[in-house]
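Novice: Before we start, here is the structure in question, set down as structure tokens.
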Amino acid sequence: MREFYSKTGSWWARADARVTDRDHRRVRLLREHGVESGDVLELGSGYGATAVATAKAGYFVTAVEISDRAHQAGELAGDVAPGSLTVHNADFYEIALPGKFDVVCYWNGFGIGSDADQRRLLVRVAEEWLRPGGVALIDVFNPFVWASWDGDEEHLTPDPAAGYDHDLREVTRFDPVTCTATDTWWETSNPAEPISQTLRCYTPADLSLLLTGTGLTLTSIVVGDQAFSPSPQPGLGALLRDNHEYLAVLRHDG
């Protein structure tokens, strides 16, 4: 995954390495789930835009990103208060971090690797990083939508004015047996060297099963701008058919 995110990061950095409304919405989600201030750990922080927005909102943020995208965070930090943002270019399965956090976030990335990999990460969240009473906010890929994208192809033409300098193609595949989506990209001029990421998708029920034994419990999910308990709820099914990911709100068992 380091190669995939570093390569695609170099393609899109000029357009996407900036703080947007999406990043500010994520900060609002922290507050909506009871965390007005404190220490935040962001896993898979990408270019660092959300980490920067979170630090500017008054939190103390530690960000971990495995790819070269991590190097963009310093350019975005600007007037972030000294000491409020620390970025590690590292693998979150291997890094040792001091202290614990009020929130652990993983935006738009959970599902890389096997179920065992996800459990290993969730155990780290519960046992090493999350303070008692803290909350983990994790975006989870929704199989209902990814299945509908199976076989879809895209052609992204250059748009230098918007920061997109490369002519790119993409194809999405979904395996219903393993419930995984494979997202493959290549430069139009270089079709012999595609790069792919494979993402495990989970229904809320499958996610609850995955959490067994990790020390974490799914307490609610957010789809679009609506929050639901993880049990069947009116309107939830329709939203899950329209949103490619949902936010899982996790807390310590007991």
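Novice: Specify the residue that is nearest to PHE110 (Cα to Cα); the eligible residues are those in the range 16-48 that are open to solvent by less than 40 Å² (accessible area, probe 1.4 Å) and in a helix (DSSP H, G or I).
Specialist: Top of the filtered list is ARG26.
Novice: I need the full set of residues from the range 68-104 which are in a strand (DSSP E or B), without any contact (Cβ under 8 Å) to a residue 40 or more places away in the chain and over 21 Å from ARG28 (Cα atoms), in order please.
Specialist: Selection gives HIS88, ASN89.
Novice: Yes or no: ALA13 within 24 Å of GLY99 (Cβ to Cβ) and open to solvent by less than 50 Å² (accessible area, probe 1.4 Å)?
Specialist: no
Novice: Has the range 114-125 got any residue that is under 21 Å from the mean Cα position of the chain (by Cα), within 23 Å of VAL27 (Cβ to Cβ) and in a strand (DSSP E or B)?
Specialist: Within the range 114-125 (the criterion being under 21 Å from the mean Cα position of the chain (by Cα), within 23 Å of VAL27 (Cβ to Cβ) and in a strand (DSSP E or B)), the answer is no, since none of the residues qualifies.
Novice: ALA51 is checked against (1) open to solvent by 10 Å² or more (accessible area, probe 1.4 Å); (2) of a type in the set (A, V, I, L, M); (3) within 22 Å of LEU250 (Cβ to Cβ) and fails just one. What number does that condition carry?
Specialist: Failed condition: (1).
Novice: Could I ask something else about it? Would it be correct to say that ALA51 is of a type in the set (A, V, I, L, M, F, W, C) and assigned to a helix (DSSP H, G or I)?
Specialist: For ALA51, the condition - of a type in the set (A, V, I, L, M, F, W, C) and assigned to a helix (DSSP H, G or I) - is met.
Novice: With TRP186, TRP107 as the choices, which residue is farther than 24 Å from LEU30 by Cα and in contact with a Leu (Cβ under 9 Å, 6 or more places away or on another chain)?
Specialist: TRP186
Novice: If you don't mind, another one. Residues that are open to solvent by 40 Å² or more (accessible area, probe 1.4 Å) and closer than 22 Å to MET1 by Cα: list the strands (runs of 3 or more DSSP E) wholly contained in the range 167-254 that include at least 2 such residues.
Specialist: Where strands (runs of 3 or more DSSP E) fall fully within the range 167-254 and carry at least 2 residues being open to solvent by 40 Å² or more (accessible area, probe 1.4 Å) and closer than 22 Å to MET1 by Cα, they are 168-175, 180-187, 195-200.
Novice: Could you give every pair whose Cβ atoms fall below 8 Å, whose first residue belongs to the range 202-222 and is touching a residue at least 40 places away in the same chain (Cβ under 8 Å), and whose second residue is of a type in the set (Ser, Thr, Tyr) and open to solvent by 50 Å² or more (accessible area, probe 1.4 Å), counting only separations of at least 6 or pairs across chains?
Specialist: LEU211/THR217
Novice: So which of VAL80, VAL52 ends up being out of contact with any Gly (no Cβ under 7 Å at 6 or more places or on another chain), among the β-branched types (Val, Ile, Thr) and under 18 Å from ALA13 (Cβ atoms)?
Specialist: Being out of contact with any Gly (no Cβ under 7 Å at 6 or more places or on another chain), among the β-branched types (Val, Ile, Thr) and under 18 Å from ALA13 (Cβ atoms) holds for just one of VAL80, VAL52, which is VAL52.
Novice: Picking from GLY74, GLY99, which residue would you name as being more than 19 Å from ARG131 (Cβ to Cβ) and either exposed (fewer than 14 other Cβ atoms within 10 Å of the Cβ) or in contact with a Pro (Cβ under 9 Å, 6 or more places away or on another chain) (or both)?
Specialist: Only one candidate qualifies: GLY74.
Novice: Still on this structure: Are any residues in the range 127-136 more than 25 Å from CYS179 (Cα to Cα) and under 18 Å from the mean Cα position of the chain (by Cα), and if so, which ones?
Specialist: TRP129, LEU130, VAL135
Novice: Still on this structure: If ARG2 passes every condition in (1) under 28 Å from ASP117 (Cβ atoms); (2) surrounded by 14 or more Cβ atoms within 10 Å (Cβ to Cβ) but one, which one does it miss?
Specialist: (2)
Novice: Looking at (1) open to solvent by 20 Å² or more (accessible area, probe 1.4 Å); (2) within 23 Å of ASP183 (Cβ to Cβ); (3) free of Cβ contacts under 8 Å to residues at least 60 places away in the same chain, which one does VAL64 not meet, given that it meets all the others?
Specialist: (1)
The values are calculated or read from the model by the stated rules, or taken from the named source; none is laboratory data. Note that the structure is predicted; figures quoted are calculated from it, not measured. FYI the Cβ positions are ideal-geometry reconstructions off the backbone, even for glycines, and counts take in every protein chain you see. Heavy atoms of the whole protein, side chains included, go into the accessibility calculation; ligands, DNA and RNA do not. Shrake-Rupley method; radii C 1.70, N 1.55, O 1.52, S 1.80 Å.
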